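Below: the structure, in structure tokens.
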Ligand SMILES: Nc1nc2c(ncn2[C@@H]2O[C@H](COP(=O)(O)OP(=O)(O)OP(=O)(O)O)[C@@H](O)[C@H]2O)c(=O)[nH]1
Ligand SMILES: [Mg+2]
């Protein structure tokens, strides 16, 4: 209940492929290689932003993909893919849905994390020129993008608190403005733990807490309400809900003052927060009495909203007034300093060779599999280059150690080949 969650699929762009190309000039018969590199694939980046309150947007749209890098054309480098940059509320914890590993804990405004790095652009043939290979006629393919299934979690802190006597209509109000489904009943102390609801105003969202009713003497420990006022500590404003026709015939304004006094006794700082007065159950009150009552509340100097959860009267106006307080910019001094970028840890660079099963040696590892995916396997020179890299990484030696011999089948990623010691 106190946690806002979303499961999201992030996909970074694949790198563009490098080009095989040679200088062409009049009267120059054999130009040198000049194939350019492919563009980088776009990253998926999350940034903590204090203007965001909830993960509601991610529930509406649970998939994001960054742009692929462009392939190089001749000696022209491919354009980089555009990244996807997403704002998340401060306090969002990002973890890998499958492994549960925490990828980032975005604690401060402005903190960033690359959840999904874009694929590197493949090298063009120009890159492969060396003293012994002056005419490379192969290029590298772009690195594949990455997909991360992530879980976003946010511990909700209320922006607005609903306070008031038991039976005032607080739970009814939160159920009218959010998808929270608290228990509602015509007796006091129905709510015994706070309910949180995500409220939408235009294209922004904020969090409202429906708190258990307060009663006179609460600050001395009477009733339940005081115990939960700590949930109001982060609230930017409080909505004091007052019933217009209390069952016991008491005066609504006197009831209001009594609860305000309790609040002050409990915590003067909390009492000093902006206050909205919501006079509830308008549908039960006669018109003249209702106007007189609203005027008496206005005399307190606070903003007053007459509402009815039954007819919907006054609800929108109240929600927008709440939003104004909830979404007000925090002043820069109170904002925490810009934290260092949180860097999501990516896949391990390690690889391993699984011994022959059914005569097939399987090489497993992200970096090796990516290397193979980036090789143009139809090109002999490209293949030879891959082989040399596998030798340098020690993969070929390891295969030999495990008994892999000439002609045995080796599988790397989706690629299968017959083992050979020679390039
Ligand atoms: N007619 C009418 N009844 C309402 C309205 N709002 C709430 N009620 C009724 O008032 C009673 C109390 O409502 P709740 O929302 O449970 O009150 P609460 O403030 O959450 O009470 P506690 O949880 O005990 O503190 C219920 O019977 C509601 O149906 C309204 O706008 N009009
Ligand atoms: Mg309630």
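General remarks:
- Note on residue 9 and residue 105: with the Förster distance fixed at 22 Å, the Cβ-Cβ geometry gives a FRET efficiency of about 0.60.
- Order of 302, 387 - criterion: other Cβ atoms within 10 Å of each residue's Cβ, fewest first: 302, 387
- Cα centroid of segment 3-44 to Cα centroid of segment 380-421, whole Å: 26 Å
- Sorting 277, 215, 307 from the fewest to the most surrounding beta carbons within 10 angstrom yields 215, 277, 307.
- Pairwise label distance in nanometres, residue 135 with residue 289, each label 7 Å out on the Cα-Cβ vector: 10.2 nm
- Nearest-ten-degree value, helix 287-298 long axis tilted from longest Cα axis of the chain: 70 degrees
- Helices in the chain, meaning DSSP H runs of at least 4 residues, each add -39500 (n - 2.57). Divided by all residues, the mean residue ellipticity at 222 nm is -6000 deg cm²/dmol.
- Cα gyration tensor category, rounded, prolate or oblate, for segment 160-328 with a/c compared to 1.5: rounded
- Sequence-distant contacts, meaning Cα pairs under 8 Å at least 6 residues apart, place the relative contact order of the chain at 15 percent.
- Global form of the chain, assessed from the alpha-carbon gyration tensor, a/c cut-off 1.5: prolate
- Segment 160-328 - share of DSSP beta bridges that are antiparallel (%, nearest 5): 30 percent
- Nearest-ten-degree value, helix 252-266 long axis tilted from longest Cα axis of the chain: 60 degrees
- Beta bridges per DSSP with both ends in the chain, % antiparallel, nearest 5: 60 percent
- DSSP-defined antiparallel bridges as percent of all bridges, segment 3-155, nearest 5: 75 percent
- Mean sequence separation of contacting Cα pairs (under 8 Å, at least six apart), scaled by the length of segment 51-102, corresponds to a relative contact order of 35 percent.
- For segment 239-298, the square roots of the Cα gyration tensor eigenvalues, ordered a ≥ b ≥ c, give a/c of at least 1.5 with a/b greater than b/c, which places it in the prolate category.
- Spatial offset of segment 58-73 relative to segment 280-294 amounts to 55 Å, using the alpha carbon center of each.
- Averaging the Cα positions of each part gives two centres, and for segment 146-173 and segment 74-91 these lie 33 Å apart.
Every number here is computed from the coordinates shown, using simple stated rules; none is lab data. Predicted model only: the values in this text are computed from it and were never measured. Neighbour counts are summed over all protein chains in view; Cβ atoms, including those assigned to glycine, are modelled from backbone coordinates with ideal geometry.
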